[in-house]
Amino acid sequence: MATTPIIEQSSVIAVRDVVKVFRGGRRALDGVTLDVPAGTCFGFLGPNGAGKTTLIRIVLGLMRATSGAVVVRGHEVPAEARAALARVGGIVEEPRFYPYLSGRENLALWARLMGSAALGRVPASLERVALGDRADERVGRYSMGMRQRLGVARALLSDPEVLVLDEPSNGLDPEGIAEFRTLIRSFVEEGRTVFISSHLLDEIQKICDHVAIVREGRVIAQGPVAEVVAAGGGGVRVGCDDPGRAAQLLQGPAGLGAIELDGRGLVVGGPADPASRAAVVRMLVEAGIAVDSVQPVGATLEERFLELMGGDASTPPPPAHPPPPPPGVGR
Amino acid sequence: MSALIRVEIVKIMRRRAMLLTCAGVALAAIVGLFVIAYVLHVQDEAANPSVGGGSGMDATAAVLAGLTLVIGSLIGARAGAFDQETRVIRYWAMLGTSRTALVGVRLPAACAVAVVALLPALVVGAGASAVLPAEAGDGLSAADIGSATWSVLLAAVLWTGLGVGIGALFGSTGAGIAVALAVSLIGAPALSALQLLWSPLAAIPLSNAQFVLEGSGGDGPVWVALLVALLWVGAPMVGAAMRLRRAEL
């Protein structure tokens, strides 16, 4: 960290050329540069092992970068960690608590170190995450989803400007995920910045304003969600009864891009607008090919993510929804 | 810092099962001591003239100081290791609090809790010493109570401190308890044997320092005993603090 690079004033978290090499030589981050605009929800996406949690640990002062600079709320981390993190709340991997204490007692422990204002926020934080009526139960009896919500409640104790949440939807059921989405957006509406890493690509698309996609320790796309999605190749996926003949037929006409057979159907590059799509369908039907579906490609963050991952077998796509928790877990 | 110590004390005190077990064992040991002493006294008053008095208080101190090897190791290792073992330490470090302070506060907090666990037994021992028969000239005095209290406090600080340091160094409650107990119960007698090679080495064991500092014997001057005690308790604490400072949480 020889010099502190210029950081945009509007960035509440700025990461510059951060490299992290673990003992043994594994390079987890390879020159990551990020700007998280203030007052937005920022999604941080990547397959398992891409370096998401490593970056979050560095941002929260839990781990040192090998090189590069991290500035949070205008203060360098880790040099000025106390000032930088004074109004930052976070969850890393999984929220941890004292299982023999109640949810309320756990929060009170942290609040005691933060000061009397934080102590006064304990009841409101618990209510905010809908744990008010279970707050006096021992945390050891909480489900995984309840512990996640308690983790968010703890993060709220400092009245944070910034919330850094690592896979916060883990362990939540679909109803819980929907509630969580509303909660996150309410934080952003209050002017807080939320930095969130997640495997739930459709959730990220619904919640986030900005997104960065990381692969093998490098950020490969970054910007407003709409721009990142729109930067994709476009095209349509055509479902039909004879994809091979359809591919041959569509090689000829001008205005169409690459024609590919990808195992899930025929992908036709180019025809993003409805009229062009209709022309493709008409051409196939007139040639006697039955068309059963036409879907835009790259119209969702998930498709754009898969496109950026390049179909590399070593980086399987994350699931669109979390797997159900095994029976009995978290109880 | 005081807020950090208060938080640490709450964290350990609320482990009620551990605390009640330790307090119960200490109490049972003292009750057992006086019951046996009283039975022996009733059976043969001439051979066992004192149950209470100064002798009773001395016996209370000796039993509690001995038990503290185990109680202190349990409470200390648990207090020293728990946060790292469960990774809850992340959420303390995230506040920007000094990691050295996070380790350092465990020592006074765990020692305070160990004293609390031993206190009921000490009070019962003092009460029994005051009311149970004692031969003439062996009556309970304030000096007896003070001396016994000092012995118990000293043992609590030394052995709990050792447990905290070892627990924090290993970051594992099980390993911390095992090593602390091994050092307390096996290491100390083994080290005592070193004096056979060269008599000044008798000052090395923590138990020797404890005897010197409580004034009940031991080898070597007080300043050496103090130094030895500081090294036994301080070295693992410093090691644990250095380890946590460098740790990637």
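The values are calculated or read from the model by the stated rules, or taken from the named source; none is laboratory data. All values derive from a computational prediction rather than experimental measurement. Counting neighbours? That spans all protein chains shown, and the Cβs are built from the backbone with ideal geometry, glycine included. In case anyone asks, the SASA skips ligands and DNA or RNA and just uses the protein heavy atoms, side chains included. Shrake-Rupley method; radii C 1.70, N 1.55, O 1.52, S 1.80 Å.
Each helix, a run of at least 4 DSSP H residues, gives -39500 (n - 2.57); summed and divided by the residues of chain B, these come to -25000 deg cm²/dmol at 222 nm.
When Rg and Dmax are taken over the Cα atoms of chain B, they come to 19.5, 66 Å.
Let me have the 222 nm mean residue ellipticity of chain A computed from DSSP H runs of 4+ only, each contributing -39500 (n - 2.57), with the sum over all residues rounded to the nearest 500.
Mean residue ellipticity, 222 nm, calculated: -9500 deg cm²/dmol.
Ordering of B:199-208, A:200-209 by packing is A:200-209, B:199-208, highest average first (other Cβ atoms within 10 Å, averaged per residue). Around the Cα centre of chain B, unit charges on the Cβ atoms of Lys, Arg, Asp and Glu (plus for the first two, minus for the last two) sum to a dipole of about 1600 debye. Here the calculated FRET efficiency for A:R87 and B:V25, from their Cβ-Cβ distance with R0 = 45 Å, stands at 0.45, rounded to the nearest 0.05.
Take the eigenvalues of the Cα gyration tensor for the stretch A:1-148, scale each by 5, and report the square roots as semi-axes in whole Å, largest first.
In descending order, the three semi-axes are 32, 18, 14 Å.
Interface size, chains A and B: roughly 2500 Å² of accessible area buried, both sides included, 1.4 Å probe, rounded to the nearest 100. Within the accessible area of the stretch B:95-223, the carbon and sulfur atoms contribute 75%, probe 1.4 Å, all protein chains present. Remark on A:T193: its backbone amide H falls under 5 Å from those of A:G39, A:V162, A:L163, a criterion applied only to residues 5 or more positions apart or on other chains, H modelled at 1.01 Å from N.
Residues of the stretch B:201-249 that bury at least 20 Å² of accessible area when the other protein chains are present, relative to the chain alone (probe 1.4 Å, heavy atoms, ligands and nucleic acids excluded): B:E248, B:L249. Per residue, the accessible area of chain A comes to 44 Å² when a 1.4 Å probe rolls over the protein heavy atoms. Counting only residues at least eight positions apart within a chain, or on another chain, the lysines with an alpha carbon under 27 Å from that of A:K20 are A:K52. Residues of the stretch A:54-69 that lose at least 40 Å² of accessible area (1.4 Å probe, protein heavy atoms only) when the other protein chains are present, relative to their chain alone, are A:R57, A:L62.
Peptides B:43-50, A:183-190, B:109-116 ranked from most to least packed give B:109-116, A:183-190, B:43-50, packing being the mean of other C-beta atoms within 10 angstrom over each peptide's residues. Across peptide B:95-103, the mean count of Cβ atoms from other chains lying within 10 Å of each residue's own Cβ comes to 3. In terms of overall dimensions, the C-alpha atoms belonging to the protein assembly as shown reach 121, 50, 43 Å along their principal axes, ordered largest to smallest. Size descriptors for the stretch B:14-63 (Cα atoms only): Rg and Dmax, in that order, 13.8, 47 Å. Computed over protein heavy atoms with a 1.4 Å probe, the accessible surface of chain B works out to 42 Å² per residue. The mean number of Cβ atoms from other chains found within 10 Å of a Cβ in peptide B:84-91 is 5, as a whole number.
Dividing the radius of gyration of the alpha carbons in the stretch A:116-271 by their Kirkwood radius gives 1.17 for Rg/Rh. Seen from every direction in turn and averaged, the convex hull around the alpha carbons of the stretch B:121-249 projects onto 10.8 nm². Ellipsoid fit via the Cα gyration tensor, chain A: semi-axes of 42, 24, 17 Å, each the root of five times an eigenvalue, largest first.
Any idea what angle helix A:103-114 forms with the longest principal axis of chain A, computed on alpha-carbon atoms, 0 to 90 degrees, nearest 10? Tilt of helix A:103-114: around 70 degrees.
Using a cutoff of 8 angstrom between alpha carbon atoms and counting only pairs six or more residues apart, the relative contact order for chain A works out to 19 percent.
For chain A, with all protein chains in place and a probe radius of 1.4 Å, 51% of the accessible heavy-atom surface sits on carbon or sulfur.
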